[in-house]
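Structure first, then comments.
The values are calculated or read from the model by the stated rules, or taken from the named source; none is laboratory data. It should be emphasised that the depicted structure is a prediction, and the values quoted were computed from it without experimental measurement. A quick note on method: Cβ atoms are made from the backbone with ideal geometry, for glycine too, and the neighbour counts reach across all protein chains shown.
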Amino acid sequence: MNIMVGGTFSPLHDGHKKLIARSFELAGDGGHVVIGLSSDAFAGSKNHPITAFSERRHRLESFIHASHFTASWEIEPLNDKYGSTLNRDFDALVVSEETYPVALEINRLRRERGRKKVDIYQITCVLAEDGRWISSTRIHRGEIDDHGRVIR
């Protein structure tokens, strides 16, 4: 199966790792995963500082290699929230609860362009030890670490 997933991944926390791992799981042996990684320009709209694209790409590649996933993969820069999802042939999008509305929008826009609808797989967000979502914003604020442990 051909899967697409995307994000800024700064920092690459346990929620992101779950999203990426689920993408590779769905792709399976012989499948392919396209990971859209927010460009520095697109990521600049975030409400916290973002690590440079090259470093985020390196950390993402390191995680993928260390995980020994069996599907092939590639990383492409995202310059907007759609990336190549509107024009590329693929089977499914993997999203979080937070980005599910964008997946619905992608399918609407694909339909308007005469493209086939893709399946949407939504993962549940990973909770920190305080029961709230792990997020890059919370990590940046110093509330939790990238594993969701509360910083005291």
| field | Selection count, the range 50-69, where residues are more than 16 Å from residue 19 (Cα to Cα), assigned to a loop (DSSP other than H, G, I, E, B) and out of contact with any helix residue (DSSP H, G or I) (no Cβ under 7 Å at 6 or more places or on another chain) | value | 1
| task | Take residue 54 and decide whether it is among the polar types (S, T, N, Q) and closer than 15 Å to residue 10 by Cα. | result | yes
| message | Return the residues of the range 82-140 that are aromatic (Phe, Trp, Tyr) and under 19 Å from residue 35 (Cα atoms); say none if nothing qualifies. | response | 82, 90, 100, 121
| request: Find the residue count for the range 123-138, including only residues that are out of contact with any strand residue (DSSP E or B) (no Cβ under 7 Å at 6 or more places or on another chain) and more than 22 Å from residue 5 (Cα to Cα). | output: 2
| note | Going through the range 107-132 in order, the residues found to be more than 15 Å from the chain's Cα centre (by Cα) and surrounded by 15 or more Cβ atoms within 10 Å (Cβ to Cβ) are 107, 110, 115, 118, 128
| query | Residue check: is residue 105 in contact with a strand residue (DSSP E or B) (Cβ under 8 Å, 6 or more places away or on another chain) and either closer than 16 Å to residue 3 by Cα or at pLDDT 95 or above (or both)? | reply | no
| message | Go through (1) under 24 Å from residue 134 (Cβ atoms); (2) over 13 Å from the mean Cα position of the chain (by Cα); (3) assigned to a loop (DSSP other than H, G, I, E, B) for residue 89 and report which single condition fails. | response | (1)
| Residue tally, condition in a helix (DSSP H, G or I) and not β-branched (Val, Ile, Thr), over the range 92-113 | 11
| task | Kindly provide the set of residues from the range 117-127 that are in contact with a helix residue (DSSP H, G or I) (Cβ under 7 Å, 6 or more places away or on another chain), of a type outside the set (Val, Ile, Thr) and more than 15 Å from residue 23 (Cα to Cα), ordered by number. | result | 117
| Would a scan of the range 94-103 turn up a residue that is free of Cβ contacts under 8 Å to residues at least 24 places away in the same chain and surrounded by fewer than 13 Cβ atoms within 10 Å (Cβ to Cβ)? | yes
| task | Please specify each residue of the range 3-48 satisfying the condition of being in a helix (DSSP H, G or I) and among the basic types (Lys, Arg). | result | 17, 18, 22
